[in-house]
Each structure stands twice: as C-alpha cells, then as structure tokens.
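Structure record follows, encoded as structure tokens.
The values are calculated or read from the model by the stated rules, or taken from the named source; none is laboratory data. From a predicted model like this one, the values you see are computed outputs, not experimental measurements. We work out accessible area using only protein heavy atoms, side chains counted, and drop any ligands, DNA or RNA first. Shrake-Rupley method; radii C 1.70, N 1.55, O 1.52, S 1.80 Å.
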Amino acid sequence: MNEHNYGSVQIRLFAWKAVYQGGVIELVDHDEYNWVFSADGGIESRLRAV
C-alpha cells in the first residue's frame, strides 16, 4: 500500500495482480500503460494518469 498526500486530497493505493488473457486493453481512468519486467523476472503492467 502507498499513501500520498496532495494537500486537500489524500489517496491510498493498493497493488493487485491480474492475469492478462488477451483482447484489447481499454483505458478508462488512466492515460497510458506499459509493461515492465519485475524483480522476479515476470512482467507487470504499469498504469499512469497524465
């Protein structure tokens, strides 16, 4: 869990794992995503809101 405080807004982020099984990834709340290698050699998805 990560906590961030932006003055009047405080958010708490929780990481979840999921398995991508195919299809088109459609972003709703984020502006971009990318795949990165994790420390254990797996692949993770990173979402970023711009």
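Among the residues making up the stretch 20-32, those that are open to solvent by 100 Å² or more (accessible area, probe 1.4 Å) and either more than 13 Å from the chain's Cα centre (by Cα) or among the small types (Gly, Ala, Ser) (or both) are TYR20, GLN21, VAL24, GLU26. For TRP35, the conditions (1) within 15 Å of the chain's Cα centre (by Cα); (2) at pLDDT 75 or above; (3) not acidic (Asp, Glu) are fulfilled apart from (2).
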